[in-house]
Each structure stands twice: as C-alpha cells, then as structure tokens.
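Please read the structure below before turning to the comments.
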Amino acid sequence: MADTATSFDVIVIGAGPAGYPCALRAAQNKLTVACIDEWQNPDGSWTFGGTCLNAGCIPSKALLESSELYHRAQVEFAAHGIAATGLAFDLARMQKRKATIVKGSTQGIAGMLKATGVAALQGHGRLLAGNRVEYTAADGSRRELVAKHVVLASGSQPMPLPSVPFDGQRVVDSQGALEFDAVPKRLGVIGAGVIGLELGSVWRRLGAGVVVLEAMEQFLWMADAAVAKEALRHFRKQGLDVRLGARVGGADVGPDGVTLRYTDAGGEQTVTVDKVVVAIGRRPFTAGLLGEGTGVKVDARGFIEVDDQCRTGAGNVWAVGDVVRGPMLAHKGKEEGVMVADLIAGLHSEVNYGAVPSVIYTAPEIAWVGQTEQQVKEGGREYKVGTFPFTASGRARAMEATAGFCKVIAAQDDDEILGVHIIGPMAGELIAEAVLAMDYSASAEDLQRTMHAHPTLSEALHEAALNADKRAIDILNR
Ligand code: FAD
Ligand code: AMP
C-alpha cells in the first residue's frame, strides 16, 4: 500500500499492542489498511509499538531480568556451590541492552507492517465525522484520509499526582524510572500497583533503598488475599519498605532530596528520598483524537465507550486497548484488536473477558486468572480450594526457588474452574495452562486427568487441582 493513498478499508489510529495487531490481522484478511502512530522517543526518533514496546512491558522486563540475575548471583549462587566473588554490574551496559531489545522489537513491527502491505504512517491521526481521518505527518503536512472502518487504539498515559508534579529529574513517571543512569540511593515509589512494584524491585535489587507508599490499607487488593499476603512477606524480606495506608499529599524539593508528605493511621508523616516514581495508575489517552461531530462517546473517566465487541456505536468506528474499559494490559488489547479486524472482515470473533491473565513480574512472580476466593465467596457459589506449595515441587527445589504456591478454586456443584492463582517461579508461564483450561470451560478433574511432565513446575498446578478433591499425591491432603 503506497503511503500516498487516501482511501482505505481500515484506518487504525495507534500502533501499540492493540493497534498494530489489528492492522496486521486486517491486512491478513485482505483489507487495505493504514496505521498511524505519533510515538516519539525522548531523542526525537519515531517508532511503532506504543507504550508496551517503547516504555512499558518490554523495557521493564529487560531491566527486571538483568537485576534479577544480579540478585540471584548475590544471594542464591552460594547455595549451588558457586562462588561469585567481585560481583559487579554495569548499569550503562544494562540500559544499552534494554535499548537494543526495544529497538529490535519496534523495528520488527515496522518491518511486519511493511511486509504485510500496511501503510505505516508516522504522525498524528484525528477522527473527523463521516469516517474521515485528518493525518498530520511528522513534517507537519496534513492530508485527509477516508476509510470504511476506523479503529481507535490511542492507549493510555501515566496518571499525574498534582501534589507531586513530574519534573523529569527528581520526580518521574514509569518511563523516567526505566531510564535512570545511576542507582538512586533512596527511591520513593508512590503506588504499590503492578508498575510500582516491578520498578521498585528493579532498583531495590540494584542496591537502592526503596520506600513504597500505598494509599490503600490492603496490599494488592486485586489479587487473591492469600497470594497478596505471601507476596508482601517476600517483598519486605527483600528490603522493599512497603508502607500501607500511606496517602501521599505533597512533596518539597530541597538540597537533601525530595521530602514526601503523607498521612497514615499515625497522622502526618514524611520521608526524604533522592528520586520519586509516581506510579498511581494510568488514564486513557484521547487528546486531539476526536474532531467535531464524530458521535464517539467518552465516559466520565475518559474511556471511549464501547460494547463487548468494541463498537463505539458511531458508524463504523471501533476502539480497542487501554483507551476502553477493562484491564490495561497488552494482551487484552491485542485480542481486542484482532477481534475487531476479524469482525470487520465478516468473520466470527469474540474476547473472553472472563479469562484475561494478570501477571506481576516480581520475584516471586505472581499470576492469576478468573475470580479470587473473595470474589467467589461474595458471588455466593459453593466452592472448593486446592493448593500446592512449591516447597513440595522437585523442580522448584532443584531451581532453589521454592517460595510460593499454586491455588485452584473450583465450583462445588459442577467442578468448573473459577480461578487459578500462582505465586512462585515462572508463574506468568504456568498461568497459560489455567487460561486455556478456563477458556475451554474445563473442570478441576480435567486438570487432574491431564498428564504433566516430571519434574516440571507445572506439576504444582496439577497437584493443586488434585488437592481440591483431597487427592494430591505429593502432599498430605488437608
Ligand atoms: P499504547 O501501547 O499506549 O499505544 C498507543 C499508541 O497510540 C501510542 O504509540 C501513541 O503514541 C499512539 N497515539 C495515541 N493517540 C494518537 C493519535 N491521535 N494519533 C497517532 N497516534 C496516536 N502490560 C502487560 O500486559 N504486561 C506487562 O508486563 C506490562 N508492563 C508494563 C510496564 C510499564 C512500565 C507500563 C507503563 C505499562 C505496562 N503494561 C504491561 C501495560 C501496557 O503497556 C499497555 O496495556 C499497552 O501498551 C496498551 O496498549 P495500547 O495499544 O492500547 O496503547
Ligand atoms: P495501579 O492502578 O495498579 O497502577 O496502582 C496504583 C496504586 O497507587 C493504587 O494501589 C492506588 O491505591 C495507589 N495510589 C493512588 N494515589 C495515591 C497516593 N496519593 N498516595 C499513595 N498511593 C496512591
């Protein structure tokens, strides 16, 4: 598709993990497609891939991996009989590795868009009435495009905390926290959500003193309570100073650093740090996206309103990813983007919102799918629970990674799996089996009757399913 074309079957605005898969699938479906993205890196370069590839999932996992390896070399190698003397890290090299991974991934997307015939347009897209899109290119030139269908995939941006404004130096957002060129001696993280915990872990492992201030009394409210309790115990043991019920209300920048003011049960408190990461959540991004008279509705929280199939209800305009309701996760956006591209092509498609996995890439790793035990209890359905600790897993013991457990919640009446919660080694990989099981409406017995290779971590999930019926083999059933 020539970059000068003005008429398309589909125009996608946004090339993050929701937008670019939508464009690629639409092209696979033999539709003519344009994908517009305005992401610009701090050095001024333009790239595809959105938040996830440039400033989110991928760079954070690159630094988590490096810092985790360093930490393991420090604390676990000795148990394996390996002496790691003179251990040191080179942060500049770690950051360069991260940048190389990001560049390779974003270039890969640009290459895929080109190879599948998508007109990949760098610049700003604005939806106008009548399925028209105003495209402002990187050089400032403007032209009007038209499409049979327009998909909005403009994503999200960090939520600011007005009382602790970003200054790009001492007070940064998640993107800034991925770019530190020196390990801060004292780091304050505001918000103990997924992003705050992952970034706090990176810098803690590299030697920072990390204080995490969380307004809520309950740690990881969205996770199963047993998992949250276990996680908090491990994080505190690792030296993360997690303070719950601590609502940050202001900051004073002085010669000694940034003094954060917060209130907790004890009243007014302060803590002074060298750098602050504000990680209090993300909000949908629609600035400059919607022209007059498009009919697209935005709710009070800024999300574009859509139905279960991501239709906005305004002509052939769809919206996917972080800019619409649901968890702000790359894989959720991807499945929505692909669904919309298939629906546009007249194919059948749907997203199972009941089986969206969540993963927190800390150590131990945390992953879950479906309902927590609290949610099942509130729903009033009779249920049974099976658990299995990694201390009883031969593979986990061999890996020197026995922290955590698997937990399976199933309905008492028909044995349907209602939720699976894992804290422990490779939890993010192990959860895939549970997602598949739930997507296929499997019962706990289905998991029980599936053979799992020995010795693998996946046996822990198998045994947890068995334990739900007091039939586990490798632990005493209680
Ligand atoms: P985005 O990725 O935000 O992409 C939207 C794109 O649209 C951007 O490139 C933007 O520049 C462009 N755009 C917006 N408006 C316009 C316009 N008008 N014209 C042209 N272009 C426009 N999720 C996970 O699932 N797993 C993780 O491990 C994970 N880790 C994360 C770590 C961090 C530090 C952060 C910040 C996020 C993380 N996330 C993770 C969340 C994940 O990044 C988002 O859920 C995901 O990027 C959302 O995809 P999206 O395509 O909806 O939006
Ligand atoms: P998430 O939305 O998962 O990224 O998590 C963000 C976290 O930040 C939530 O747990 C909020 O309770 C927390 N939070 C929001 N505002 C504040 C604040 N002013 N002080 C401390 N924590 C906050």
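Classify the chain as rounded, prolate or oblate, taking a ≥ b ≥ c as the square roots of the eigenvalues of its Cα gyration tensor: rounded when a/c is under 1.5, otherwise prolate if a/b is larger than b/c and oblate if not.
Oblate is the answer for the chain, as a/c is 1.5 or above yet b/c matches or exceeds a/b.
Can you tell me the order of 225-233, 355-363, 258-266 when each peptide is scored by its average per-residue count of other Cβ atoms within 10 angstrom, highest first? Intermediate values should be presented prior to the final figure.
Details: 225-233: 17.8, 355-363: 19.7, 258-266: 16.0.
Top of the packing list down: 355-363, 225-233, 258-266.
Would you list which aspartates and glutamates come within 14 Å of residue 470, measuring only between C-alpha atoms, while excluding same-chain residues fewer than 8 positions from it?
Cross-link targets: 415, 445.
Counting pairs of alpha carbon atoms under 8 Å apart in space and at least six apart in sequence, what relative contact order in percent does the chain give?
14
Please tell me the relative contact order of region 1-149 in percent, rounded to the nearest whole number, where contacts are Cα pairs under 8 Å and at least six residues apart.
It rounds to 31 percent for region 1-149.
Taking the Cα-to-Cβ direction at residue 308 and at residue 185 and moving 7 Å from each Cα, how far apart do the two end points lie in nm?
Each label point is offset 7 Å from its Cα along the Cβ direction, giving 5.7 nm.
What accessible area per residue comes out for the chain, rounded to a whole number of Å², with a 1.4 Å probe?
Accessible area per residue, the chain: 45 Å².
Mind running the shape call on region 329-421? Use the C-alpha gyration tensor, a ≥ b ≥ c as the square roots of the eigenvalues: rounded below 1.5 for a/c, prolate if a/b tops b/c, oblate otherwise.
oblate
Can you compute the charge dipole magnitude of the chain about its Cα centre, using +1 on each Lys and Arg Cβ and -1 on each Asp and Glu Cβ, nothing else charged? Give it in debye, rounded to the nearest 20.
860
About its Cα centre, how strong a charge dipole does region 140-242 have in debye, to the nearest 20, once Lys and Arg get +1 and Asp and Glu get -1 at the Cβ? Please list the in-between numbers first.
Working: 12 positive and 11 negative charges, 36 e Å.
About 180 debye.
Using only the Cα atoms of region 259-372, build the gyration tensor, take square roots of its eigenvalues as a ≥ b ≥ c, and label the shape rounded, prolate or oblate: rounded if a/c is under 1.5, else prolate if a/b is larger than b/c, else oblate. Mind dumping the intermediate values first?
On the way: a/c = 3.02, a/b = 1.65, b/c = 1.83.
Note, shape of region 259-372 comes out oblate.
As a test question: what accessible area, to the nearest 10 Å², does residue 331 have when a 1.4 Å probe is rolled over all protein chains in place?
70
If I model a spin label at residue 352 and residue 413 as a point 7 Å from the Cα along the Cα→Cβ vector, what separation in nanometres do I get?
The modelled label-to-label distance comes out at 2.0 nm.
Between residue 216 and residue 445, what is the label-point separation in nm under the 7 Å Cα-to-beta-carbon projection?
With each label point 7 Å from Cα toward Cβ, the separation is 3.6 nm.
Per residue and in cubic angstrom, what volume does the convex hull of the Cα atoms of region 345-478 have? Could the numbers behind the result be given before it?
Numbers: hull volume 17.2 nm³, N = 134.
Taking the convex hull of the Cα positions in region 345-478, it is 129 Å³ per residue.
Extension gain residue 139-residue 159, at 0.36 nm per residue separation less the Cα-Cα distance, in nm?
Working: separation 20, 0.36 × 20 = 7.20 nm, distance 2.94 nm.
So the chain would gain 4.3 nm between residue 139 and residue 159.
May I ask which residue of 353, 394, 49 lies farthest towards the positive end of the charge dipole of the chain, with charges of +1 (Lys, Arg) and -1 (Asp, Glu) on Cβ and the Cα centre as origin?
With unit charges placed on the Cβ atoms, the residue in question is 49.
Stick to Cα atoms and the Kirkwood definition of Rh, then tell me Rg/Rh for region 154-295.
1.02
Straight-line reach only, C-alpha to C-alpha below 28 angstrom: list the lysines that residue 334 could link to, leaving out same-chain residues fewer than 8 apart.
30, 61, 96, 98, 103, 114, 148, 297, 407
The values are calculated or read from the model by the stated rules, or taken from the named source; none is laboratory data. All figures in this text were calculated on a predicted structure; none of them were measured in a lab. Neighbour counts are summed over all protein chains in view; Cβ atoms, including those assigned to glycine, are modelled from backbone coordinates with ideal geometry. Ligands, DNA and RNA are excluded from the accessible area calculation, which covers all protein heavy atoms including side chains. Shrake-Rupley method; radii C 1.70, N 1.55, O 1.52, S 1.80 Å.
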